[in-house]
1. Being open to solvent by 50 Å² or more (accessible area, probe 1.4 Å) and more than 9 Å from chain C (Cβ to nearest Cβ) is the filter here; which residues of segment B:29-56 pass it?
2. Only one of these conditions is not met by C:ALA58: (1) more than 7 Å from chain B (Cβ to nearest Cβ); (2) more than 14 Å from ligand 3 (Cβ to nearest atom); (3) over 13 Å from the mean Cα position of the chain (by Cα). Which number is it?
3. Considering only segment C:84-105, state which residues are away from ligand 3 (no atom under 16 Å from the Cβ) and either open to solvent by 20 Å² or more (accessible area, probe 1.4 Å) or more than 10 Å from chain A (Cβ to nearest Cβ) (or both).
4. State all residues of segment C:62-79 that are among the hydrophobic types (A, V, I, L, M, F, W, C), more than 26 Å from C:ASP249 (Cβ to Cβ) and either within 16 Å of ligand 4 (Cβ to nearest atom) or in a helix (DSSP H, G or I) (or both); if no residue qualifies, say none.
5. Check A:VAL65 against each of (1) within 11 Å of chain C (Cβ to nearest Cβ); (2) open to solvent by 20 Å² or more (accessible area, probe 1.4 Å) and name the one condition it does not meet.
6. Please work out which residue is surrounded by the fewest Cβ atoms within 10 Å (Cβ to Cβ), limiting yourself to segment B:9-24 and to residues that are of a type in the set (A, V, I, L, M, F, W, C) and within 7 Å of chain C (Cβ to nearest Cβ).
7. Of everything in segment A:79-119, what is out of contact with any Gly (no Cβ under 6 Å at 6 or more places or on another chain) and in a loop (DSSP other than H, G, I, E, B)? Give them in sequence order.
8. Filter segment C:68-104 down to the residues that are aliphatic (A, V, I, L, M) and in contact with a Phe, Trp or Tyr (Cβ under 9 Å, 6 or more places away or on another chain) and list them by number.
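The values are calculated or read from the model by the stated rules, or taken from the named source; none is laboratory data. This one's a predicted model, so the numbers in the text were calculated from it and none came from an experiment. Cβ placement follows ideal geometry from the backbone for every residue including glycine, while neighbour counts extend to all protein chains displayed. When the accessible area is computed, the model is the full protein with side chains, heavy atoms only, and any ligands, DNA or RNA have been set aside. Shrake-Rupley method; radii C 1.70, N 1.55, O 1.52, S 1.80 Å.
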Amino acid sequence: MPAKMQLTKGNEALAMGAIAGGCDCFFGYPITPQNEVPEVLSYELPKRGRVFVQAESEVASINMVYGAAAAGKRAMTSSSSPGVSLMMEGLSYIACAELPCLIVNVMRGGPGLGSITPSQGDYFQACKGGGHGDYHSIVLAPWNVQEMYEFPALAFELADRYRCPAMLLADGVLGAMMEPAEISDDAPPPNVPEKPWATNGRNGRAHKNVVNSLVIDPYGLRDHNLKLQAKYKAMECETRWDTRDVDDAEILVVAYGISARLALSGCKLARKQGIKAGLLRPITLFPFPSKQIAECATNKKRILVVELSAGQMVEDVRLAVNGKVPVDFYGEMGGVIPSPAEVCEKIVEAAR
Amino acid sequence: MDLCQIHADRCKGCELCVQFCPKHALEMSEERNAAGYHPAVLAHPELCNGCAMCAQMCPETGIEIYRRQKRARQDAVNQG
Amino acid sequence: MTTAMNSQDGMNKQNGGAVASEDLVDLKCVFERPKSLSDKPFHYCPGCSHGTYHRLIAEMIDEFGFMDNTVGICPVGCAVFAYEYFETDMIEASHGRAPAVATGVKRALPDRFVFTYQGDGDLASIGMGEIIHAAARGERITVFFVNNGIFGMTGGQMAPTSLIGQRTTTSVQGRDPRTTGHPIKVCELLSSLEGVAYLARVALTSPKNINTCRKYMRKAIRAQTEDVGLGLVEVLSPCPVQWGMSPGDALHHIEEDVVKEFPPGEFVDKLAGPVKA
Ligand SMILES: Cc1ncc(C[n+]2csc(CCOP(=O)(O)OP(=O)(O)O)c2C)c(N)n1
Ligand code: SF4
Ligand code: SF4
Ligand code: SF4
Ligand SMILES: [Mg+2]
């Protein structure tokens, strides 16, 4: 069946996108607000002869992903904030062992058990490592149901290319919202690169393969870290971002995910009031579009960063412009979602 | 050739082979190996019957055992 | 196979002696390093049975002809470098999570032989959740479990398997059940789970027991290859260094004391029907 427009819930689109992206194995533990992801996959994956396991915890989930990814398969898990916190040790191992895989975080309010309402409070965790040691995951931030469907495939592709974990950072609104999206029920299988490093049984291979994150020699571990850092640098060419009405704008709003949608509506309202506002939306949060923000900001009066957090991505925006343009912040927490009118108000304030 | 072949460089001097040899054919050497351990030696090869108790117990897999086998021809002599 | 010989049977009953006329007899190697064991010398302390158990696993891989078909999962513990010692594909897991990693591998590649190698801190402390659920799901994996009653790698702290009264660096007065509970008996604990196909415990204290261990290991492997369920062999193993004993005394301690708390034997055997009492 060719792709067709269907009214689809974000989490369900994500699940179908994972299948289209060639997900061989899913391991996960239920948590709101992403439960439709394992629910859909528990039915759709076995039907296609692929693997679904409901793990006993997120700790187990991420380690099952580690095993299946080491075996050379496209493996993923999906969770929400507290569950993703539990995965951090495993994620650090995966990054060090250079295994490609996909971790989905449909963020909810924190800290602690917090709430099941939407949030963007896990930006630091997602983009700055989260677990121990110097590592990064590629982080993709969808802003609509279509991207919820398309990004799993992109995430798998980038993860395979750079042999690193990729994270899809969504939130409770995107997971629950219904929108028309072009979804295919039987997308052709994607091209998956050879994985000669996989621990999948020697099967005639002259040497054994080892998947490992232990480097006991200090110089060896330093060199491995340098290799990882070089890889993170090389990833910069994968930076993705989107701009709307920025050329003539005096106020540049920077926001990702669901906040970017509110921010875009806010910009439009501001323009009706005669204030030229435009949006820059980072699509990859790691690598972060620092250069693009700096370039875009050169002729702007102020920058306004909008997030569902106490102010996390704003730090990277400030680093990007390095004091050249003043950066304001507008954030809400706890599942409170600002209205476009409220964003517009902040834009108006910034323009004064 | 001795039936019990100890790889002295693998030996860590744990003495388990000595303790488990039913024939008391093994002893610990006064010498040190490359790693600094006193390795086990087959001090009395004439006592050794190739039972492999020592090799079974050796945590380092540092002992090889050989057995005498009669030749197919009947006139082969098996020594006592 | 050449390496897994039975030390009791087929022994040369004659009383040793050098070979007088070597040209009239052949010398046949009856015990040598298994092919699946790498050449690398073990990093274990003198008298530590980690090396012995490694060898037995390698013997089994040779015997079953699995060198090309195996993925092994190492623990965090003294055996953290186990991947150096096997010639098979190996994965180093985080502390306690080997059964989850093995689940990932086995589900991804159901026709591979997948084993975990885990210590008692790894399996019975931090990783208790993972082993119980892997067992409950009946994962087709084989678990080689080393119970030495202590955290060897981190310097001899109390393990959930430490004996009552055992002095460790975190129970210097001896383990007190009032504040630290009683030893966890993994085989007994797992035996109630339907997904388990084979469970056995053996003390690696003599050539005879080593041979028993081989028998158990064969069954724990068959539990996987014959698609029955999870197989686990627990070995009671010495940690001479952290116990403060000579290797010989450590083995005596197991035979005298440890087996009283951890009785050896088969607990579950679904290959041959239930074990008779
Ligand atoms: C998450 C985590 N916690 C703690 C440790 C430290 N640690 C390493 S090995 C170990 C205990 C190992 O004991 P056991 O599994 O019994 O193995 P043994 O060394 O006795 O063979 C601990 C606590 C770790 N590596 N990772
Ligand atoms: S083979 Fe048997 S008799 Fe010979 S040294 Fe070893 S244990 Fe002793
Ligand atoms: S058992 Fe092995 S390591 Fe121990 S003393 Fe004998 S040869 Fe050496
Ligand atoms: S500390 Fe104990 S378990 Fe670890 S290698 Fe030494 S003897 Fe073996
Ligand atoms: Mg231990």
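1. Across segment B:29-56, the qualifying residues are B:GLU30, B:GLU31, B:ARG32, B:ALA34, B:HIS38, B:VAL41.
2. Of the numbered conditions (1) more than 7 Å from chain B (Cβ to nearest Cβ); (2) more than 14 Å from ligand 3 (Cβ to nearest atom); (3) over 13 Å from the mean Cα position of the chain (by Cα), the odd one out for C:ALA58 is (3).
3. C:GLU84, C:GLU87, C:HIS95, C:ARG97
4. C:PHE64, C:CYS74, C:VAL76
5. (2)
6. This residue is B:PHE20.
7. A:SER80, A:MET87, A:GLU98, A:LEU99, A:PRO100, A:PRO111, A:GLY112, A:LEU113, A:GLY114, A:ILE116
8. C:VAL71, C:ILE73, C:ALA79, C:ALA82, C:MET90, C:ILE91, C:ALA93, C:ALA98, C:ALA100, C:VAL101, C:ALA102
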